[in-house]
Amino acid sequence: MKGKSFLIGFLLGGVSAGISTLLTAPKSGVETRNNLKESKEVVLHQLNDLKDHLKELNQSLIAASSEGTETLKDFVLEIKHTVSNWQQEIKPHQRELQRELAEIEQSIQELESELSKK
């Protein structure tokens, strides 16, 4: 019984709401339908514009990503080249430093041996 009375109440409430909406509407049905059609066209136009802008943005992102990848590759190659050149430039100095360190170690050993004799 409760389900039946609920259903009847729901239907009567829906009908009364529909009637009150029709009676209190500020515009006629024709005007309201025309406004809805115009609004629909405006919204569809805006959605199409948004879709076009998103496509352009996607293409720009793809291009920027591609350019960024190329730039990064060039940068990495340039860094490798710079490091290689630096290593080549420093090798003679490195060898000279190693030779001088070996001489210093030998001098220290000679001094230690002379000191241990005395």
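The values are calculated or read from the model by the stated rules, or taken from the named source; none is laboratory data. Only a predicted model underlies this, so the values are computations on that prediction, with no experimental measurement involved. We place every Cβ from the backbone using ideal geometry, glycine too, and count neighbours over all the protein chains shown.
Given the criteria over 44 Å from the mean Cα position of the chain (by Cα) and in a helix (DSSP H, G or I), does residue 82 qualify? No: the conditions fail for residue 82. Being without any contact (Cβ under 8 Å) to a residue 24 or more places away in the chain and surrounded by 10 or more Cβ atoms within 10 Å (Cβ to Cβ) is the requirement here; does residue 23 meet it? Considered against the rule, which asks whether it is without any contact (Cβ under 8 Å) to a residue 24 or more places away in the chain and surrounded by 10 or more Cβ atoms within 10 Å (Cβ to Cβ), residue 23 comes out as no.
Scan segment 39-55 and tell me whether some residue there is at pLDDT below 85, not in a helix (DSSP H, G or I) and not charged (D, E, K, R). Within segment 39-55, none of the residues are at pLDDT below 85, not in a helix (DSSP H, G or I) and not charged (D, E, K, R). If the condition is being among the small types (Gly, Ala, Ser) and at pLDDT 90 or above, then segment 66-106 contributes 84, 102.
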